[in-house]
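This report concerns only the one structure given below.
What follows draws every value from the coordinates through simple rules; no lab data is involved. Remember, it's a predicted structure, so these values are computed and weren't measured experimentally. With ideal geometry, Cβ positions are generated from the backbone for all residues, glycine too; neighbour counts draw on all protein chains shown.
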Amino acid sequence: MLCAVVLTHSNGVRLSREQLRVDSPAVGNLMVREYDAHPARKGKYARLAYRGPLVRADLLKPIFDIQLVKMVDQGFLLQGYEIEFKDGVTREYVQGWWCKPASPGSW
């Protein structure tokens, strides 16, 4: 599904409504899939990807253990955890995606 997505958090901290209004959305194909990385950790994750004739690339870091938090006429909110690997340490941050359906060429 082609969507325009605005991140609702930065390093786990919720952004203000004003910041959400001024942020430019990332536009790409929203995909929700199941994962089974470990018997103790199963769930769903979401990716926003660009899919061109020769290229496939993530536009945002995927979010894991997603939940549909809100759905209204204007769009929907997915919330989960963004995983960061840095300096040998794994961190998980709360992340939300405010998603609006988009049509090709609308952004």
Flag if Phe64 is touching a residue at least 12 places away in the same chain (Cβ under 8 Å) and among the hydrophobic types (A, V, I, L, M, F, W, C): yes
Among (1) within 20 Å of Leu68 (Cβ to Cβ); (2) in a helix (DSSP H, G or I), the one test that Cys3 misses: (2)
The stretch 56-71, subset crowded, with 18+ Cβ neighbours inside 10 Å and in contact with a Gly (Cβ under 7 Å, 6 or more places away or on another chain), residue nearest to Val6 (Cα to Cα): Ile63
Check on Asp36, within 13 Å of the chain's Cα centre (by Cα), farther than 15 Å from Cys99 by Cα and not β-branched (Val, Ile, Thr): no
Qualifying positions in the stretch 59-89 - of a type in the set (A, V, I, L, M) and assigned to a strand (DSSP E or B): Ile63, Ile66, Leu68, Val69, Met71, Val72, Leu77, Leu78, Ile83, Val89
Top-ranked residue in the stretch 72-91 [being of a type outside the set (Lys, Arg) and more than 21 Å from Ser16 (Cα to Cα); ranked as surrounded by the most Cβ atoms within 10 Å (Cβ to Cβ)]: Ile83
